[in-house]
1. What's log10 of I(q)/I(0) for region 66-185 at q = 0.11, 0.14, 0.19, 0.20 Å⁻¹, Debye sum over Cα points only, no solvent?
2. Work out, step by step, the length gained on full extension between ILE234 and LYS193: first 0.36 nm times the residue separation, then minus their alpha carbon distance; give nm to one decimal.
3. Please check the chain for the longest run free of trypsin sites (Lys or Arg not before Pro) that are loop-located per DSSP (anything but H, G, I, E, B) and have at most 13 other Cβ atoms within 10 Å.
4. How large is log10 of I(q)/I(0) for region 144-292 at q = 0.09, 0.11, 0.17, 0.19 Å⁻¹ when the intensity is taken from the Debye formula with one equal scatterer per alpha-carbon?
5. With a 1.4 Å probe and all protein chains kept in place, how much accessible area does GLU288 have, in Å² rounded to the nearest 10?
6. Take the chain, connect every pair of alpha-carbon atoms lying under 10 Å apart with a spring to form a Gaussian network, then pick out the residue of PRO226, PRO78, PRO266 with the largest mean-square fluctuation.
7. How large is the Kirkwood hydrodynamic radius of region 236-292, counting all unique pairs of alpha carbons, in Å?
8. Once the other residues with Cβ under 10 Å from the Cβ of ILE161 are scored (Lys, Arg +1; Asp, Glu -1), what is the net sum?
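The values are calculated or read from the model by the stated rules, or taken from the named source; none is laboratory data. Please read all numbers here as calculations on a predicted model, not as lab measurements. Using ideal geometry, Cβ is built from the backbone for each residue, glycine included, and neighbour counts are taken over all protein chains shown. When the accessible area is computed, the model is the full protein with side chains, heavy atoms only, and any ligands, DNA or RNA have been set aside. Shrake-Rupley method; radii C 1.70, N 1.55, O 1.52, S 1.80 Å.
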Amino acid sequence: MSVPPLTILSISEGSSLILLLPSQSAGYIDPGESTAKKTPTMKILVAIKRVVDYAVKIRVKSDKSGVETLNVKMSMNPFCEIALEEALRIKQSGLASEVVAVSMGPSQCVDTLRTGLAMGADRGIHVESTAALYPLTVAKLLKALVDVEKPGVIILGKQAIDDDCNQTGQMVAGLLGWPQGTFASKVLLDTEKQVATVEREVDDGLETLCLDLPAVITTDLRLNQPRYATLPNIMKAKSKVIKKYTPQELNVEVKSDIEIVEVTEPPKRKAGVIVSSVDELIDKLRNEAHVI
């Protein structure tokens, strides 16, 4: 590093010589130091799932093998929307260079990926499979994609509203040997120190975790409010790249570790009863409901 010149403030006969050191010199820039901002290089991988829309009334199949999805409105899992929104905000703050959205399942998942691209993701990856994909298989596929993409952070929704498993994030972190922050309600990244600070809600209040990057983060509902895709961005999303893989190309065997025995609707609730007195209420709670 070159030695900067000293700044002479004033010299006069009978007066003191006042010098400003380099640290005191306003606007001095070391010629050897770059003033340009560092370009972010971290990539964020976001997993998104295609599920039955949250506003649709679920119907069980007649053979009780699952829920009806034929001619049913499908959309992106709400928790995945939150995960994607957080990744986009991190990129907009200048801490990431690229957001890659990943979806797994049948060819219709491309529509869900296009929604993610319209929200702002840079490109998409579709792992096409007609077989049912359960959390452990999804985690293995994500691990294989991490080996290809080399992301600095993986962000997932904490669970999907179709099966409520809440397992994939934890499993992929275990397979990768990465630290994990689940149910995140606040995320702060420090790319210089390579750490992520995750605030999460627990039964006793708020818990704060400091994770070394790379890490896996799963999102809770209170983390953010996802944006809506604008019409110009929907049009731009049509030209964005979606790369296709198969589980075989990623060397992952698709197999079921879970056997679904039967799917049934919850029992219908009985109609409420209006009681005329406190004594009648206590009698029904004691003799009919058997709760007191």
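1. -0.36, -0.60, -1.17, -1.32
2. Residue separation times 0.36 nm, minus the Cα-Cα distance, leaves 11.2 nm.
3. Counting at most 13 other Cβ atoms within 10 Å as exposed, the longest clean stretch of the chain is 74-192.
4. At q = 0.09, 0.11, 0.17, 0.19 Å⁻¹ the computed log10 ratios are -0.55, -0.73, -1.17, -1.27.
5. Taking all protein chains as shown, GLU288 has close to 120 Å².
6. Fluctuation is largest for PRO266.
7. 18.4
8. Computed value for this residue: -3.
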